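Shown next, in structure tokens, is the structure this report addresses.
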Amino acid sequence: MKDQLRPALTMLLLLTVLTGLVYPLTVTGLAQVFFPDQAKGSVIVREGKVIGSKLIGQYFDKPEYFWSRPSATSPFPYNAAASGGSNLGPTNPALIAAVKARAAVLRAADPGNDLPVPVDLVTSSGSGLDPHISPASALYQIRRVARVRKLDEAVMRDLVAQHTQGRQLGVLGEPRVNVLLLNLALDERR
Amino acid sequence: MTMNAILQVLVLFIVLLALAKPLGWYMARVYEGKPFVLDRLFGPVERAMYRLSGVRPADEMNWKSYAVAMLLFNVAGFLFLYGLQRLQGLLPLNPVNLGAVAPDLAFNTAVSFVTNTNWQAYGGETTLSYMTQMLGMTVQNFVSAATGMSVLVALIRGLSRSTSTTLGNFWSDMVRSTLYILLPLALLVSVLLVSQGVVQTLRPYQMAMPLQAIGYGKAMADPNSQGVLDEQGNQKTGPVVVSEQVLAMGPAASQIAIKQLGTNGGGFFNANSAHPYENPTPLSNFLEALAILLIPAALCYTFGLMVGDTRQGWAICAAMMILLLSLIPLGLWAEQRDNPLLAPAGVDQQVEAGLSGENMEGKELRFGITQSVLWSAVTTAASNGSVNSTHDSYSPLGGLVPLFLMQCGEVVFGGVGSGLYGMIVFVIIAVFVSGLMVGRTPEYLGKKIEPYEMKMAALLILIMPIIVLGFTALAISTDTGRSSILNPGPQGFSEVLYAYTSQGNNNGSAFAGLAANTPFYNLTGGLAMLISRFWLAIPILALAGSLARKKLVPPGPGTLPTDTPLFVVLLIGVVVMVGALTFLPSLALGPIVEELMMRG
């Protein structure tokens, strides 16, 4: 047993250096060379200021913006320093109540819109940082945003269509709309 | 199930099968010490490591020395990781000044990573410094996987050698697994992941000025950090406006690549593979799911080559594949059914153009139902345990799929190395059962299966249910255990059952509503992980030692062929019977009763 002690300690030390330092630093180096923007978080810069990331959702509740999905991060929604989901089960009364309340808020913000509320717009994501909504959820909100911004609904439809990404490589994932990029495009129209 | 869902499942498994053979062939060369291109690059490193640690790789070990070396290495790894977490506050590369990890949490997390479980009672971005993630987590992601692969290779040598007392050299198997297999694959996968947007930086967290500020009610506290209550005894809140978004960053890609390849699963961030910086696109999701299954599937082919009959490897691979593919449709169907309780809210749950439908609570939109369910099955079949959606929010039957896949004993692909050695135990039991039926001495690959082998095999399939069900019963019958539960009713029971099933099988995924960061769960869970890893690995090595000593006998007319479809069916039957008979009562108390209540 004693004769195995030296290899055990030395091997741990050597492998720690190799896989814990050399490997991540090599990857960091390669990443900076080949994909510098992605490696640093795909941030969006406007007028020299970082306003967010293409990959991380933001919270919106003003009527002139498209709203993101609900977020269960703590202590406030879309807290990108503490990701997480609600973990509420499908029969949990707290989930049912939350969904009802969110649907009610959406309806109150757009009286007369009697389309059914798309499910992703009233359920929170696993990360709490989901940057996307479904195309159906974007279409659902067009009426409200168009009314508040005094824009033509047809123009809005075009804008949403431009910001709709299909399945990746035609097969993978789901069609989706990036809420932050869509809202940025809206703001930049002015 | 939509056409696209079927297509996405098929694409994953076709690519997996196409890669399994070349990788399996390469790994067999590595373990047989035959040179290949990477020798030129890593050969000098390998030899230097042996020189510095005084290892003579040609010195073969018997099963006891092999087990001692494996244990010593793991104990050293555990102590180092525990110490690192306790001291991280004093160490560099800690941009947000995270303090020492609490002792019970550090114990649980160290055990978790050393045993290849990667259960997360901690939240990555709020608990661990960059230094701890790199020197601690990333390292154990490599070496715990390499440990599993080494034990498997020892078992394979036990099966393929005739009247031998030795099983190879642990140090050389472990170093070669790391240098020639895990490291190159991890380098490749991490760069691919960065291309999709996974972060890889040593800079501190990034501040951003979002388009719109967030107003929320912050819990008020007095100067002693005690909550302030109003007249009704509720927590008082004060309005706060947040006008900054702090984007947590870090060297994530390098860790995520190996966390998937090594079936580890511990996330860099709290939300694990649901976090957009860990898994930003459907393509990154595909690559990561593929990485989870890649080595376990390829090892089946390696096994076939090393025992001199590739059909034996394919037979095991087929059994695993059939088990997994038959459970995925159940998950997809369950998650794409309406939740009847949401109907009164006027919510559109249809699967239609522009809407992936149904149970989206806890799921990311870019993955939708299909990639989420596919992942939940893949990550629990292989003992990975990373999650791209919160399993706790799955419909009852949707949550049953990952739970049952773990309860099969993590042998449906399973952990790298550990899955296949677990499956070989089931093969031995299947051979024994069929031997009883026809009244002949059971044998496998020319080795007679005798009472000693059966004792070890029985030990192996009994330990896991005892820890899983024993700890679940303990937690559920104490106030301490019950107080961590989030969801009411049968779902609460499922949370506890899932926690011990996951840790007792070294998986690491969770019904994460359970507040698992308490001394009770940290300690009992840590014990479950230790027992299930090492009380399995040691009997496996004993089994390997006993098999190696036996003579190889040529197959006779009474030998049951173990490479036929009939045997594949028999093997599946044994896995399902053992898993189902043991766990059906507990499943009935959790997901099954909840399903009945939900649909009334």
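Scanning residues 5 or more positions from A:Gln58 or on other chains, those with amide H under 5 Å from its amide H are A:Leu180, with H placed 1.01 Å from N in the peptide plane.
Please give the length that would be gained between B:Ala343 and B:Leu589 if that part of the chain were fully extended, namely 0.36 nm times their separation in residues minus their C-alpha to C-alpha distance (nm, one decimal). Walk me through the intermediate numbers first.
Numbers: separation 246, 0.36 × 246 = 88.56 nm, distance 2.60 nm.
In short, 86.0 nm is gained.
Debye calculation, C-alpha points only, no solvent: report log10 I(q)/I(0) for the protein assembly as shown at q = 0.05, 0.06, 0.11 Å⁻¹, in the same order as the q values. Each listed q corresponds, in turn, to -0.25, -0.36, -1.19. Relative to the dominant Cα principal axis of chain A, helix A:23-34 is inclined by about 50°. By the rule of a second cysteine Cβ within less than 4.7 angstrom, the protein assembly as shown holds isolated cysteines at B:Cys408.
Taking the Cα atoms of the range A:1-40, the ratio Rg/Rh between the radius of gyration and the Kirkwood radius comes to 1.34.
The range B:78-100 and the range B:296-336 have Cα centres spaced 40 Å apart. What whole-number distance in Å separates the alpha-carbon centres of the range B:1-27 and the range B:550-597? The range B:1-27 and the range B:550-597 have Cα centres spaced 24 Å from each other.
Local charge for B:Leu52 was computed over the other residues whose Cβ lies under 14 Å away, with Lys and Arg +1 and Asp and Glu -1, and equals +3.
Pairs of Cα atoms in the range A:51-188 fall into 10 Å distance bins, from 0 up to the last occupied one, in shares of 12, 41, 36, 10, 0 percent. With all protein chains kept in place, the per residue accessible area of the range B:366-495 amounts to 26 square angstrom at a probe of 1.4 angstrom.
Nonpolar atom fraction for the range B:143-218, defined as the carbon and sulfur part of the 1.4 Å probe accessible area, stands at 60 percent. Computed with the Debye formula from one identical point scatterer per Cα of the range A:1-67, without solvent, the log10 of I(q)/I(0) at q = 0.26, 0.28, 0.29 Å⁻¹ comes to -1.07, -1.12, -1.13. Counting only protein heavy atoms and a 1.4 Å probe, the range A:1-40 has 53 square angstrom of accessible area per residue.
What relative contact order, as a whole-number percentage, does chain B give when Cα pairs under 8 Å and 6 or more residues apart are counted?
Values: 1076 pairs, mean separation 116.3, N = 600.
Once normalised by length, the contact order is 19 percent.
Listed here are the pairs B:Lys455/B:Lys550; B:Lys34/B:Lys64; A:Lys40/A:Lys62; B:Lys259/B:Lys363; which of them are more than 23 Å apart at the Cα? Can you show the working numbers first?
On the way: B:Lys455/B:Lys550 16 Å; B:Lys34/B:Lys64 26 Å; A:Lys40/A:Lys62 29 Å; B:Lys259/B:Lys363 21 Å.
Table pairs above 23 Å Cα-Cα are B:Lys34/B:Lys64; A:Lys40/A:Lys62.
Kirkwood analysis of chain B, using all unique Cα-Cα pairs, places the hydrodynamic radius at 24.9 Å.
For chain A, the longest principal axis of the C-alpha atoms and the axis of helix A:153-162 are separated by about 20°.
With a 1.4 Å probe and all protein chains left in place, how much of the accessible area of the range A:51-188 comes from carbon and sulfur atoms, in whole percent? The partial results should precede the final answer.
Details: 2740 of 4720 Å².
Carbon with sulfur: 58 percent of the solvent-accessible area.
Here the spin labels are modelled as points 7 Å beyond Cα on the Cα-Cβ line, and at B:Val241 and A:Val17 they lie 5.5 nm apart.
The eigenvalues of the Cα gyration tensor, multiplied by 5 and square-rooted, give the range B:187-254 an equivalent ellipsoid with semi-axes of 39, 15, 10 Å from largest to smallest.
Just to be sure I understand: if you take the accessible area of chain A alone plus chain B alone and subtract the pair, with a 1.4 Å probe, what total do you get in Å², rounded to 100? Intermediate results must be reported in sequence, preceding the final value.
Values: alone 12300 and 24280 Å², together 27660 Å².
Interface area, both chains combined: 8900 Å², rounded to the nearest 100.
Please list, by residue number, every one of the chymotrypsin sites (Phe, Trp or Tyr not before Pro) in the range B:14-116 that is coil in DSSP and has at most 14 other beta-carbon atoms within 10 Å.
Working: sites: B:Trp25, B:Tyr26, B:Tyr31, B:Phe36, B:Phe42, B:Tyr50, B:Trp63, B:Tyr66, B:Phe73, B:Phe78, B:Phe80, B:Tyr82, B:Phe107, B:Phe113; in loops: B:Phe36.
Qualifying residues, ordered by number: B:Phe36.
In this simple spin-label approximation, B:Leu90 and B:Leu459 carry label points 7 Å from Cα along the Cα→Cβ vector, and these lie 4.1 nm apart. Membrane-span-like helices in chain B, defined purely by DSSP H runs whose alpha carbon atoms cover 24 Å or more axially and whose average Kyte-Doolittle hydropathy reaches -0.5, are B:3-31, B:63-87, B:139-160, B:282-306, B:310-335, B:418-438, B:451-476, B:519-549, B:565-587. The spacing between the range B:446-520 and the range A:40-109, judged by their C-alpha centroids, is 34 Å.
The values are calculated or read from the model by the stated rules, or taken from the named source; none is laboratory data. In this text the structure is predicted, and so the values were computed from the model without any measurement. Reconstructed Cβ throughout: ideal geometry from the backbone, glycine too, with neighbour counts over all protein chains shown. Ligands, DNA and RNA are excluded from the accessible area calculation, which covers all protein heavy atoms including side chains. Shrake-Rupley method; radii C 1.70, N 1.55, O 1.52, S 1.80 Å.
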